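Inspection log for the structure reproduced underneath, given as structure tokens.
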Amino acid sequence: MGKSVRLADIAKKVGVSTVTVSKALSGQKGVSDAMRDKIMSIADELGYHRSERLHRDSAEPRSYNIGVLIAEKYLGKYDSFYFQLYQQAAEIAMDRGSYIFMEKVMMDDEKNCVTPRLIADHKADGLIVIGKLSDEYLNMLEGIKRLPTVYLDFSTKDSEADAVISNSYYGSYYLTNHLFNKGHEKIGFVGTILATESITDRFLGYTKSLMEHGKRADEVIQVDDRDINTGEMYSPEELVLPSREDMPTGFVCNCDLAASVLIKRLRMEDYRVPEDISICGYDNYLYPGLCDIPITTYEVNIKEMAKKAVSNVIHKIEKRPYHSGLSVVSGCLIEKESVRDIKKD
């Protein structure tokens, strides 16, 4: 049997994103007629048969419309990690015969708890929320219409909520251990505590490593990277560094974007990376051109996270058994060029 054709294969051949292919094949708006015809033609040429995908698991396949909500604050020009999650989810859903469409939650709408159009217009059979929205907004969603819902890359205090997250706690723990293993003894953390659950979990993983290496509570060095109310990332100029006397030899950052901002800020103060200060990030995703040095990081398994979220929401729609509650997806440490091995000096 020949290899099955994926959306990514069609996208590569046409020279567009998998999201564009998904929209074209599912009849959604946002694709010109000419491009839609081209994508359909290439899909036929490559042997993509959606009907075969639909009949793979069921004699009576059903197609679902899955809405995705992402807060405006997470879709900045350089902060598109969540858009990568959305693209993966869209491809996985399409492969299973369902469709995903995204709605951006504007900051004022989140603040005023405005009902998303995809819910108000009854367009969605299920819902995936990517990235933490305010508790008030999430409560509003629950109160309007109990759509089968899965949270992606965040969790809430509700123990019954279904969520898929990366292993933030241990990912940051491993990164901090990595710096200790390279001979660093004074290590800081970059991330605004309580701004998101994932940042807080990464801070706690960092402190676990410090405690296990005999460090005291007053040896924790933490640098805010964003406004806790708006979630807006600070510019390099706004980042407040420790004094030169208190400056660590290494930092664990809550994401690669924060790491790139820190590197720029350090260079403004004539520090070299990694010669003077070593840097670790998190995600293994950074907008091209933002940093000229590859950052040692903890790679998030985006594909597996998206796969679990899509699978769980479809199971919820169909009222079939699934792994409910919190699902934690592990990643792996990726060594690059931003960490100096002090032990070798």
ask   = When you scan the stretch 297-345 for strands (runs of 3 or more DSSP E) that lie fully inside it, which ones turn up with 1 or more residues that are within 13 Å of the chain's Cα centre (by Cα) and closer than 19 Å to Gln87 by Cα?
value = 297-299, 326-329
request  = Identify all residues within the stretch 102-157 that are among the acidic types (Asp, Glu), more than 30 Å from Gly331 (Cα to Cα) and either surrounded by fewer than 18 Cβ atoms within 10 Å (Cβ to Cβ) or without any contact (Cβ under 8 Å) to a residue 12 or more places away in the chain (or both); write none if there are none.
outcome  = Asp108, Asp109, Asp121, Glu136, Glu142
ask   = Within the bounds of the stretch 151-164, is there any residue that is in contact with a Phe, Trp or Tyr (Cβ under 8 Å, 6 or more places away or on another chain) and either over 29 Å from Tyr287 (Cβ atoms) or aromatic (Phe, Trp, Tyr) (or both)?
value = yes
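Might you check whether a residue that is β-branched (Val, Ile, Thr) and surrounded by 16 or more Cβ atoms within 10 Å (Cβ to Cβ) occurs anywhere in the stretch 278-286?
The answer is yes; a qualifying residue exists.
So is His315 in contact with a Pro (Cβ under 8 Å, 6 or more places away or on another chain) and not β-branched (Val, Ile, Thr) or not?
Criteria met by His315.
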task = Spot the failing condition for Ser63; the list is (1) at pLDDT below 80; (2) in a loop (DSSP other than H, G, I, E, B); (3) within 19 Å of Val310 (Cα to Cα), and only one is missed.
result = (1)
request  = Determine if the stretch 166-181 includes at least one residue that is under 30 Å from Tyr64 (Cα atoms), within 17 Å of the chain's Cα centre (by Cα) and not in a loop (DSSP other than H, G, I, E, B).
outcome  = yes
key: Options Leu25, Leu54, Leu46, Leu7: the member that is in contact with a Pro (Cβ under 7 Å, 6 or more places away or on another chain), more than 21 Å from Leu141 (Cα to Cα) and modelled with pLDDT under 90   = Leu54
Options Leu241, Leu210, Leu179; residue that is touching a residue at least 40 places away in the same chain (Cβ under 8 Å) and surrounded by 14 or more Cβ atoms within 10 Å (Cβ to Cβ) = Leu179
message = Can you find, within the stretch 233-274, the residue that is nearest to Val220 (Cα to Cα) among those that are aliphatic (A, V, I, L, M) and in a loop (DSSP other than H, G, I, E, B)?
response = Met247
ask   = Which of the residues belonging to the stretch 286-303 are closer than 20 Å to Tyr173 by Cβ and of a type outside the set (Val, Ile, Thr)?
value = Tyr298, Glu299, Asn301
note = Subset of the stretch 192-232, residues among the charged types (D, E, K, R), assigned to a loop (DSSP other than H, G, I, E, B) and modelled with pLDDT of 95 or more, comes to Lys215, Asp224, Asp225
note = Result of the Cβ filter at 6 Å on the stretch 300-320, keeping first residues that are within 15 Å of Tyr285 (Cα to Cα) and partners that are among the polar types (S, T, N, Q) and part of a helix (DSSP H, G or I), at least 6 apart or interchain, is Ile302/Gln84; Ile302/Gln88; Lys303/Gln88
Matching option when the condition is closer than 23 Å to Gln84 by Cα, loosely packed, with under 15 Cβ neighbours inside 10 Å and in the same structural domain as Asp276 (by TED's automatic domain parsing), among Thr196, Thr200, Thr230 = Thr230
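The values are calculated or read from the model by the stated rules, or taken from the named source; none is laboratory data. Note that this is a predicted model, so its numbers are computed, not measured. Note that we place each Cβ from the backbone using ideal geometry, even for glycine, and neighbour counts take in every protein chain shown.
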